[in-house]
Amino acid sequence: MVTDKPEEIEPTYIWDVPTRLFHWGLMCVVATSLIAGEFGYMDIHVISGHVVLALIVFRLAWGVFGGKHARFSDFIKGPKTVLAYAKRLISGDAPAHRGHNPMGALSVVGVLAVLIVKVTTGLFANDDILTEGPLAAEVSKSTSDYLTYIHYQSGYVLYGLIGLHLAAVLFYTIKGHPIILAMISGKMHGLPENDAIDSPSPKKKLHGSWIAAIIFAGIASAIAYAIKTY
């Protein structure tokens, strides 16, 4: 029987291991930090905040030197490309992407940007009781109070972005793109060959360098620890 349906190929390798470890690690640590902050467990909030800092430093480096689909150059697109994809998404014929699609890239950039703001301001924040960031003494009390305000308010933006991210995950899952499984296994299942944007790359290029990943993780951890013990 003849059919116009594109033939499904074997599961396609998308996400390298460091990217997946970063994703799930960040999810757990951010959740821990937010919950600890809400319920007043400030020691846990501070420690988890420094872990978030280390993860962000790692991701920024991995976004330049990591595996193909982890690199910012692979998925950050200009406004025209994003709008074109949004129009096709609304019309129901948006193509599948190996890696982040143009709108998904906005979510990644948005979350990282807000986390950078939240972590940076947290280093200078204080609660007027017992807890203050390791760099709070380096600025005036009024500046620390202002940065504390930004640190607190940026949490609402973060909650909004997390909600949008979860809604997008649900949307694409319903559409038949199991992106949660892809971020667990590293492989995208059911990717139609004829509709896929970007051609597969050699596994070496997709995986990135483990040596580089270990070096970046070590540097990021050292930076976070140095700031915490400043």
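The values are calculated or read from the model by the stated rules, or taken from the named source; none is laboratory data. Given the structure is predicted, the values throughout are model-derived calculations rather than measurements. All Cβ positions, glycine included, derive from the backbone under ideal geometry; neighbour counts span all protein chains shown.
Considering the range 74-96 alone, what residues qualify as being at pLDDT 90 or above and under 20 Å from T12 (Cα atoms)?
Those that are at pLDDT 90 or above and under 20 Å from T12 (Cα atoms): D74, F75.
Looking at the range 135-152, is at least one residue of a type in the set (S, T, Y), modelled with pLDDT of 95 or more and touching a helix residue (DSSP H, G or I) at 6+ places or on another chain (Cβ under 8 Å)?
Yes.
Inspect all residues belonging to the range 17-37 and state whether any of them is in a helix (DSSP H, G or I), of a type in the set (D, E, K, R) and either farther than 20 Å from W210 by Cα or touching a Cys at 6+ places or on another chain (Cβ under 9 Å) (or both). If you could, list the steps in order and put the result at the bottom.
Looking only at the range 17-37, we keep the residues that are in a helix (DSSP H, G or I), and these are 17-37.
Within this subset, residues satisfying the condition of being of a type in the set (D, E, K, R) are 20.
Those left that are additionally either farther than 20 Å from W210 by Cα or touching a Cys at 6+ places or on another chain (Cβ under 9 Å) (or both): none.
No; the residues of the range 17-37 include none that is in a helix (DSSP H, G or I), of a type in the set (D, E, K, R) and either farther than 20 Å from W210 by Cα or touching a Cys at 6+ places or on another chain (Cβ under 9 Å) (or both).
On the basis of being crowded, with 16+ Cβ neighbours inside 10 Å and of a type in the set (D, E), does D43 make the cut?
Details: crowded, with 16+ Cβ neighbours inside 10 Å: no; of a type in the set (D, E): yes.
No; evaluated as a whole, the condition is false for this residue.
Between L130, L123, L147, which is more than 30 Å from D16 (Cα to Cα) and either under 21 Å from the mean Cα position of the chain (by Cα) or charged (D, E, K, R) (or both)?
On the way: L130 fails: either under 21 Å from the mean Cα position of the chain (by Cα) or charged (D, E, K, R) (or both); L147 fails: either under 21 Å from the mean Cα position of the chain (by Cα) or charged (D, E, K, R) (or both).
Answer to the selection: L123.
Keeping to the range 76-88, report how many residues are under 20 Å from V169 (Cβ atoms) and more than 22 Å from the chain's Cα centre (by Cα).
Total satisfying the criteria: 1.
Here's the yes/no breakdown for (1) more than 30 Å from G67 (Cα to Cα); (2) not charged (D, E, K, R):
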{"residue": "L89", "(1), (2)": "no, yes"}
{"residue": "P95", "(1), (2)": "no, yes"}
{"residue": "R98", "(1), (2)": "no, no"}
{"residue": "G104", "(1), (2)": "no, yes"}
{"residue": "S107", "(1), (2)": "no, yes"}
{"residue": "G110", "(1), (2)": "no, yes"}
{"residue": "V114", "(1), (2)": "no, yes"}
{"residue": "E132", "(1), (2)": "yes, no"}
